[in-house]
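Asker: Supplied in structure tokens, the structure appears directly below.
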Amino acid sequence: MKKRNTKKELSTNCKYGTKECTGGFYFLGFIGAVIYYLQTSTSFWNGVLGILKAIVWPVFAIYKLLGM
């Protein structure tokens, strides 16, 4: 008899193209982008703008990649 997967077991199995597997990579990229933008900011509002840029950093990366 085949054992049915529980919800916990399904969440630990990463399959290509699922959001579950890429969330960790996005979070690490977000943290790195926040650190970069905060280090290069010269004022408080540039730091706030840097945090907002860090949220959408993949957009900037794809734009630069497609611009090549």
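Since every read-out is calculated from the coordinates, none of them should be taken as a lab result. The model shown is predicted, which means the values in this text are computed figures rather than measured ones. Ideal geometry is used to build each Cβ from the backbone, glycine not excepted, and the neighbour counts take in all protein chains shown.
Asker: With an 8 Å cut-off on Cα pairs and a minimum separation of 6 or more residues, tell me the relative contact order of the range 19-67 in percent.
Answerer: Numbers: 20 pairs, mean separation 16.2, N = 49.
Computed over the range 19-67, the figure is 33 percent.
Asker: Rg and Dmax in Å for the range 19-67, alpha carbons only: what are they?
Answerer: 11.8, 36
Asker: Starting from the 7 Å offset along Cα-to-Cβ, what nm value, one decimal, do you get for the label separation of residue 53 and residue 27?
Answerer: 2.5 nm
Asker: I've got another one for you. Which whole-Hz couplings ³J(HN,Hα) result when phi for each residue of the range 55-63 is put into the Karplus expression 6.51 cos²θ - 1.76 cosθ + 1.60, θ = phi - 60°, listed in order with x for Gly and Pro?
Answerer: Whole-Hz 3J(HN,Hα) from phi for the range 55-63: 5, 10, 4, x, 4, 5, 5, 5, 4.
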